[in-house]
Amino acid sequence: MIEKVDGRVKLGTSILCVAILSTFRTFEYLAAYLGFYILLLSLTGFPVIKWMRRISLPALFVAFMSAAAVFVNFWAGRPTAAMDGAVLFLRALSAIVLISSAVYSMSLGEFLFSLKALGFPEPLVNLVGFTIRYANVLVEELSRMNMARRARGCAEGRSFWNMAAMAVLGHTVAALFLRSYERSEKVYRAMLSRGYGGNMKSLYPAGRPKKSDFAFGALAAGVPLFLKAVEMGAFAWITR
Amino acid sequence: MDYAVEVQNLAFRYKDGTEALRGVTMKVRKGSKTAILGPNGAGKSTLLFHLNGVYLPQRGNVKILGVEVNRKTEKMIRKMVGLVFQDPDDQVFSPTVWEDVAFGPVNFGSSREEVELKVKSALEAVGMEEFAGKMPFHLSYGQRKRVAIAGVLAVNPEILLLDEPHAFLDPRAREDLYDILEKENREGKTIIVATHDVDFAYEWSDEIVVMKDGRILAQGGIEILSREEIVEEAGLEYPKVVKLFKAIYGPRAEGAPRTIEEAAKLLNSLLENRTSSKVQKE
């Protein structure tokens, strides 16, 4: 269902929500919003498990960085170090969750178009498009090189401190970038031959966003806005 | 006579100093099937890049359907001439087959409806319509080659260039490719194939261009592949059928049949004639 929502609305709303959530100071409200959002996603038939597997690596990275922040604050003598770290973790995790779920439910073309429509500069959009395409080239080259090494008896899983293993790793990375550079030149020529002229063109938009798209956006951005208002004490102010 | 391609004294040098083309002059008839043969480094791929407008002539000139290739016309030329790269992995880079085939039409400004139609018919032409939503990286090499061809057919070019189309294909995929090329040629497209495969060139082409060291060594009908001095100098080999007829008839084998089937028919009829004349004698 979320796939049917206009990409511009989805991406715009996600960016707005990230901006609002980054101002949250309370762990409970952040956790409540995350829980609500993931529940909403699963109710709309979004492939939550598959998507969670995909974001596990950036989530781990965020956890690691937040843990580092806790240690730094703890040594600096801040009594709220643990809670600050937890809030930082949830803010960063919310950003990953919101943006990745929006992107995951779009095609590459729709995503690039949505970025352009939201006013992101053209060179940045082109860069994002190339990076996504180039990632496939890199992964493929790496898997070929690994296979060729394994075929010649290169054992994996040796110690990080093993000099021979490190030398192989270094050569692999260097060769990977050289080969990927060559490949990217060929890919670029292939793009030119099919009419690429410096701008990533896309088939979108199919039309203007519909009322239902805006309703989705209002609901998605309304919840964090409401929670923020409550966090700021608006509820107490109204009932006073 | 109408020419699809006219190349006059074309020269090209790469940045590292390699002279890839040294005064190439050739013409290709409209609607013909032409094979460019030559050893590695002969300049075949560089020549194809010029015909598609990816490379612009440093010296000499190239005309496609009467239009000179230059900076002003390069985009138009790329629409008129489709180029299928040797390695489909260089060409197929989008997240899905559909998006990759749509890449050309989208860049050439087709509307969404037009793109959908073009992608559908291109995928049908290569028998890949059921793979539209798949990731190209999960397909077999032969299937990726078909996707690469579909990506070019979707633009509906008048001239189709293929660089080593048979490389790494299994026999079945080669036959399928043969059928696709025949179909496109019947529909009026001029097809130029750069290849090492002398058997394919001998059986399939109307015209042969032989290249070596950035020069045209010979251009003409398929009979030039029976001429010893050309085959030797270009470092090629005789097509299998020619080899067989050379073994039987010696140097007189220049009018050898094109295919194994034709050769078998001819040999059968010769055997029958010999048997019947033997019977008559007895």
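The values are calculated or read from the model by the stated rules, or taken from the named source; none is laboratory data. Treat the numbers as computed from the prediction; the structure is a model and nothing was measured. FYI the Cβ positions are ideal-geometry reconstructions off the backbone, even for glycines, and counts take in every protein chain you see. We work out accessible area using only protein heavy atoms, side chains counted, and drop any ligands, DNA or RNA first. Shrake-Rupley method; radii C 1.70, N 1.55, O 1.52, S 1.80 Å.
Things worth noting here:
- Filter result (within 13 Å of residue B:257 (Cα to Cα) and open to solvent by 30 Å² or more (accessible area, probe 1.4 Å)) within the stretch B:223-233: B:223
- Residue B:249 vs. criteria outside any loop (DSSP other than H, G, I, E, B) and among the hydroxyl-bearing types (Ser, Thr, Tyr): yes
Residue-wise test of (1) under 29 Å from residue B:14 (Cβ atoms); (2) under 11 Å from the mean Cα position of the chain (by Cα); (3) of a type outside the set (Val, Ile, Thr).
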position: B:169; (1), (2), (3): yes, no, yes
position: B:174; (1), (2), (3): no, no, yes
position: B:179; (1), (2), (3): no, no, yes
position: B:221; (1), (2), (3): no, no, yes
position: B:231; (1), (2), (3): yes, no, no
position: B:236; (1), (2), (3): yes, no, yes
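- Test: residue in the stretch B:76-85 that is outside any strand (DSSP E or B) and over 30 Å from residue A:202 (Cβ atoms): no
- Some residue of the stretch A:90-110 being open to solvent by 60 Å² or more (accessible area, probe 1.4 Å) and not in a helix (DSSP H, G or I): no
- With respect to the stated conditions, residue B:37 fails to be over 15 Å from the mean Cα position of the chain (by Cα) and away from chain A (no Cβ under 14 Å).
- Qualifying residue in the stretch B:118-127 (condition: modelled with pLDDT of 90 or more and at the interface with chain A (Cβ under 9 Å from one of its Cβ atoms)): no
- Considering B:108, B:103, the condition of being at pLDDT below 90, within 11 Å of chain A (Cβ to nearest Cβ) and over 20 Å from residue A:185 (Cα atoms) is satisfied by B:108 alone.
- Which listed residue is at pLDDT below 85, outside any loop (DSSP other than H, G, I, E, B) and of a type outside the set (S, T, N, Q), from A:206, A:220, A:215: A:220
- Filtering the stretch A:170-221 to residues that are open to solvent by less than 20 Å² (accessible area, probe 1.4 Å) and farther than 30 Å from residue B:83 by Cβ leaves A:172, A:213, A:217, A:220, A:221.
- Unique residue being modelled with pLDDT of 85 or more and either within 14 Å of chain B (Cβ to nearest Cβ) or over 22 Å from residue A:201 (Cα atoms) (or both) when the list is A:102, A:135, A:86: A:86
- Test result for residue B:14, farther than 28 Å from residue B:202 by Cα and open to solvent by 10 Å² or more (accessible area, probe 1.4 Å): yes
- Hits in the stretch B:73-83 - residues which are within 13 Å of chain A (Cβ to nearest Cβ) and either surrounded by fewer than 24 Cβ atoms within 10 Å (Cβ to Cβ) or at pLDDT below 90 (or both): B:74, B:75, B:76, B:79, B:80
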